[in-house]
Amino acid sequence: MKFQLVRNTSIDFLGRRRSAMFVSVIVLVVSIGSIAVRGLNFGIDFTGGTLVEVGYSDAVEIQGVRSALAEGGFADAVVQHFGTSRDVLIRLPVTAEREEIKAAELSSAVMQSLRSPTGEVLAEQAGTGNQLCNRSGVVQDCAVQMRRVEFVGPQVGDELKEKGGLAMLYALIGILIYVTFRFEWRFAVGSVVALVHDVLITVGMFSLFQLDFSLAVLAAVLAVIGYSLNDTIVVFDRVRENFRKLRKSQPIAVMNQSVNETLPRTLLTSLTTLFVVLSLLFLGGEVIHGFALALLVGVLVGTYSSIFVASPTVLSLGISREDLMPVVKEGAEADTSP
């Protein structure tokens, strides 16, 4: 017995294309406006600087950490909880004074600030004070410990930002060329429009809520491009097949039937992917939170665009059965005649 999520549907997707277009235009305007006005909250991978992760023995208030760092000369530090209320992530942007300081020296200065008188009060509030303790024979500070230090130079950050943008651009150009040869230029335009739609909305969401845009998020955006294209190609392949089979049907009817026939596959693939992405989002920890969130938005928007953006775009470009029929070589009929 075969299980089918959806079968024998006859939804008029293309009949709702204007409403879907209205929604897409509004979301795109908000996304583009946010990117233009607010910009992206680039992570240290792109902006350059030093990242220091510290851990406390108990929950700690972010404001107290900021105060201790400000007294130590790090008033511009960006401080946030990392995973739990006991783990703190400190980002130090690149400045003229810090360019010549090594990451190890900078992290030592940060730890000294956290162990200053203000830091001691903070540590006492966290539960243990600033006393030393012995765990497994190792003497260490119970209140605050340094977990890791990462440094990215400003030139490296700018290079990553530039190459990341070029990577997305090259991916879209490559897709446009591939789909043009694989199907027909109208399908190529529809695919690229859908992909640009997905990328702008995903990136716009990070801009709107000022979420950290790191290399992992960029990798997720590129993965979304591949996922959305795969979904769109499946629909387009069925459209081409039905145009050749349903010779008397109108283009809108053929495309509606094609979308309905591929709907079970589309939903099943999307739901399966969402289960994995949600697991990463809620169980994967803070390190891959941005990656999983970008994938979640991308999968949802990509599923929507393969139905309500790609196919309506092809239809509006005037696709017809003649555009998809194989080219008959000159003299082919004479060769097959007895």
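The values are calculated or read from the model by the stated rules, or taken from the named source; none is laboratory data. Remember, predicted model here, so these are calculated numbers, not experimental data. Cβ placement follows ideal geometry from the backbone for every residue including glycine, while neighbour counts extend to all protein chains displayed. We work out accessible area using only protein heavy atoms, side chains counted, and drop any ligands, DNA or RNA first. Shrake-Rupley method; radii C 1.70, N 1.55, O 1.52, S 1.80 Å.
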Within the stretch 32-69, which residues are open to solvent by 50 Å² or more (accessible area, probe 1.4 Å), out of contact with any strand residue (DSSP E or B) (no Cβ under 8 Å at 6 or more places or on another chain) and more than 23 Å from Ser214 (Cα to Cα)?
Glu61, Gln63
Do we have any residue at all in the stretch 225-238 that's among the hydroxyl-bearing types (Ser, Thr, Tyr), within 26 Å of Val88 (Cβ to Cβ) and at pLDDT below 90?
no
Can Gly15 be described as open to solvent by less than 60 Å² (accessible area, probe 1.4 Å) and assigned to a helix (DSSP H, G or I)?
yes
Being open to solvent by less than 50 Å² (accessible area, probe 1.4 Å) and either on the phi > 0 side of the Ramachandran plot or in a strand (DSSP E or B) (or both) is the filter here; which residues of the stretch 73-91 pass it?
Val79, Phe82, Asp87, Val88, Leu89, Ile90, Arg91
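Quick test for you: out of Thr273, Thr262, Thr269, Thr232, pick the one residue that is touching an Asp or Glu at 6+ places or on another chain (Cβ under 8 Å), of a type in the set (S, T, N, Q) and over 25 Å from Asn41 (Cα atoms). Before the answer, list the steps.
On the way: Thr273 fails: touching an Asp or Glu at 6+ places or on another chain (Cβ under 8 Å); Thr262 fails: touching an Asp or Glu at 6+ places or on another chain (Cβ under 8 Å); Thr232 fails: touching an Asp or Glu at 6+ places or on another chain (Cβ under 8 Å).
Testing whether each residue is touching an Asp or Glu at 6+ places or on another chain (Cβ under 8 Å), of a type in the set (S, T, N, Q) and over 25 Å from Asn41 (Cα atoms) leaves just Thr269.
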Out of Glu241, Glu184, Glu261, which single residue is farther than 25 Å from Ser31 by Cβ and modelled with pLDDT of 90 or more?
Glu261
Would you mind telling me which numbered condition in (1) open to solvent by 50 Å² or more (accessible area, probe 1.4 Å); (2) modelled with pLDDT of 90 or more Asp198 fails?
(1)
